[in-house]
Amino acid sequence: MARLQVSSGLRYASPVLIFLLLGFLAPLVTVVAYSFASPKSFEVFTSFTLANFSAVFDTTNSVWTSFVWSLGLAAVCTVLLAIIAYPIAYGLNHAFGRYASLVSVLFVFPLFVSENVRLYGWVQFFIKNGVVDGVLNSLGWGPAPEVLYSPGITLFGMVYTYLPFMLFPMTLGLSMVPQDLVDAAADLGGGRLMVWREIELPLAMPGILIGMLLTSVLAVGAVAEAKILGGQSVITVVHDIEIAFTYAQDWPLGAALAVLLVLIIGGLTLAVLSRLDLDRVLGRR
Amino acid sequence: MSSSESAVAAKAPLPILQLVDVYKRFNDFNAVSGISLNILDGEFLTVVGPSGSGKTTLLRMLAGMEAPSDGNITLRGELINNVPAKERPTCLVFQSLALFPHKTVGENIEFPLKVKNIPPAQRKARALELLQMLRLPESYYAKNVMKCSGGEKQRVALARAFAYDPDVLLFDEPLSALDYKLKKVLEKELKDLHRQSGKTFVYITHSLEEAMVMSDRIAVMRAGKIVQIGTPETIYANPEDEFVAEFFGEVNKFSVSLNEEWGWFSQDTESSLTLRLPTDWPGSEQATVIVRPEYMRFATSAHEFDNVISGTVFNEYSLGSRIQYQVRCGNKSVLVEIPRTLARNAAPDEQVMIGWNAADAFVAEA
């Protein structure tokens, strides 16, 4: 009897465990295995080579540039979002009063519409004879400057798409700063900047870091903005992975790119999460 | 400590803070409505009142976190209505203590010194001094403030307030979350600290006991107004009205009316009763006679006290050094409280006579 006994925790966890093993771990193992297969082959689990990884880091090859673009755009996008979202998050907590929920809804609302549809909307907005150009032409101030199909508009699209993912964790983070502490710091002689640097910012940091983590992870994986608004003036790494798995039929290269991306994002996530006290953020303590 | 000695010696009661007809409105609600108050230099003033009586709003106005809607607040004769908290020589100890959770005990205490750009070595020296003053070990300097116990946090908050070196320390019920025993210890420590520092303390609480133990003067607040202000003894022995009397401990109340034939007359008890009142009652023909349980005594004859009524013992409650009896006189329950050394072995339902002297009662408008 004793040998057959399984702890009740394991028994109850087993459906989820099996689901995760089959649906999550197995594909991941397959992708990792593919990244070590001979280039442009399907010899998974039967061949072993590091050629795919060296192809990524080969400077005569252009694949590495997509990594640089993705990481660079994600970094700039995250920093811009932090700067843009902070005042809005502060306003939602302290300034907007009874309009705060309305403002929140306005920021959530676009999420109900598919991202691609919204991006095509922006194309209509900026395209030649589109909303901006048309209005300016009719006023005699045209033509509007050409902004579509550039790295800049790609960045704009990313900032636009990921704003809610920065804003709401940040708002939560700022709401975790007790007003008493801010009042006390000011009462003890602290000026506005001092109180912000010493009290508000460090205490809101968990929310800010989660926002930055979410947006940077999403932004590294961004592809639609570069395709639709950027018009492929920038090839992001996810776009490269897609190409490798489809047109190029080079699954091992695509798998190697995917594995590198997972390592970068996983490393970033672990680094940030190790600095965070998730229980405090979620109000469990 | 020469400053504290001279403060005690020359206790010239000069007001440090003066409030003249101060109002604070929130929308249509008067949180504070027309308070005039002199807070004397070096005194320990406690403001007591039930929740919602406006005492916290009053304190926040003194701290500079709220501006009065009307009236004037002056500090040593200078108008400070709109002087922000950080520019006032006042420091508020919050109910939540408002310790900075991401800083160590030492960093918390040093915060006001850091604000003043005092060099780190001097800051640390002062922080260690304050730790000693508040009886915390020096090793706590580097301790995570959230790992301190409730009483220790209290002391850290006090040390931080003293590091700011304010003239007036304001307290917003900082002891309310602590257990009874620790509260008793800290109440006395706080009073000692007041004596030692010679600073002005303004303390807010809804606990009568805290107010009694610590204060030089007590102000009783109700619905945004100060009902009575005076020494703890005055307020306890001569409450202004029923509200103050009841707020400061248990009372027996008899409603009386003036009758031409019998004098002051009460129908509260089983048989109608003529009562003798303290002679100084100038009020109207309807009144309430209030007698504290500890002024009630068991009587052996109907003439032992000015007023004697009869009833039956219903129950007894032990209060430690004192014992309280509930005596039923008709529909009226009367509490009699006597020292344990005088305890009587009252059997339930025993017929007794209880009484009090007129001078020990007080009378309020009905």
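The values are calculated or read from the model by the stated rules, or taken from the named source; none is laboratory data. Since the model is a prediction, treat every value here as computed from it, not as a measurement. Neighbour counts run over all protein chains shown; Cβ positions are idealised from the backbone, glycine included. Heavy atoms of the whole protein, side chains included, go into the accessibility calculation; ligands, DNA and RNA do not. Shrake-Rupley method; radii C 1.70, N 1.55, O 1.52, S 1.80 Å.
Values computed for the structure shown
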quantity	calculated
Residue match in segment B:120-131 (condition: crowded, with 20+ Cβ neighbours inside 10 Å and more than 14 Å from chain A (Cβ to nearest Cβ))	yes
Scope segment B:105-119; condition farther than 20 Å from B:SER197 by Cβ and either open to solvent by 70 Å² or more (accessible area, probe 1.4 Å) or within 13 Å of chain A (Cβ to nearest Cβ) (or both); matching residues	B:GLU107, B:LYS114, B:VAL115, B:ASN117
Residue among A:TRP251, A:TRP196 that is buried (at least 19 other Cβ atoms within 10 Å of the Cβ) and aromatic (Phe, Trp, Tyr)	A:TRP251
Test: residue in segment A:163-176 that is facing chain B (nearest Cβ under 10 Å) and open to solvent by less than 50 Å² (accessible area, probe 1.4 Å)	no
Residue count, segment B:300-321 (criterion: surrounded by fewer than 16 Cβ atoms within 10 Å (Cβ to Cβ) and in a loop (DSSP other than H, G, I, E, B))	8
Qualifying helices (runs of 4 or more DSSP H) (wholly inside segment B:113-216; at least 2 residues being among the basic types (Lys, Arg))	B:120-133, B:150-164, B:180-197
Whichever residue in segment B:322-363 is aliphatic (A, V, I, L, M) and open to solvent by 70 Å² or more (accessible area, probe 1.4 Å) and, among such residues, is farthest from B:ARG276 (Cα to Cα)	B:LEU342
Residue within segment A:149-170 that is touching a residue at least 40 places away in the same chain (Cβ under 8 Å) and over 27 Å from A:MET212 (Cβ atoms) present	yes
Hits in segment B:132-164 (condition: of a type in the set (Lys, Arg), open to solvent by 40 Å² or more (accessible area, probe 1.4 Å) and touching a strand residue (DSSP E or B) at 6+ places or on another chain (Cβ under 9 Å))	B:LYS143
Tally, over segment A:133-146, of residues that are out of contact with any Lys or Arg (no Cβ under 9 Å at 6 or more places or on another chain) and open to solvent by 50 Å² or more (accessible area, probe 1.4 Å)	7
Some residue of segment B:54-63 being away from chain A (no Cβ under 12 Å), over 26 Å from B:MET214 (Cα atoms) and crowded, with 21+ Cβ neighbours inside 10 Å	no
Residues satisfying the stated conditions in segment A:177-193, i.e. touching a Lys or Arg at 6+ places or on another chain (Cβ under 7 Å) and either among the acidic types (Asp, Glu) or open to solvent by 40 Å² or more (accessible area, probe 1.4 Å) (or both)	A:ASP187
Matching residues, segment A:191-202, being farther than 23 Å from A:LEU268 by Cβ and either in contact with a Ser or Thr (Cβ under 6 Å, 6 or more places away or on another chain) or within 10 Å of another protein chain (Cβ to nearest Cβ) (or both)	A:GLY191, A:ARG192, A:MET194, A:VAL195, A:GLU198, A:ILE199
Where A:LEU80 falls short, out of the listed (1) surrounded by 14 or more Cβ atoms within 10 Å (Cβ to Cβ); (2) closer than 23 Å to A:PHE245 by Cα; (3) aliphatic (A, V, I, L, M)	(2)
Index of the failed condition, B:GLU43 passing every other in (1) away from chain A (no Cβ under 14 Å); (2) closer than 24 Å to B:TYR164 by Cα; (3) acidic (Asp, Glu); (4) open to solvent by 40 Å² or more (accessible area, probe 1.4 Å)	(4)
Output for segment B:14-32, where each listed residue is buried (at least 22 other Cβ atoms within 10 Å of the Cβ) and either touching a Gly at 6+ places or on another chain (Cβ under 6 Å) or β-branched (Val, Ile, Thr) (or both)	B:VAL22, B:VAL32
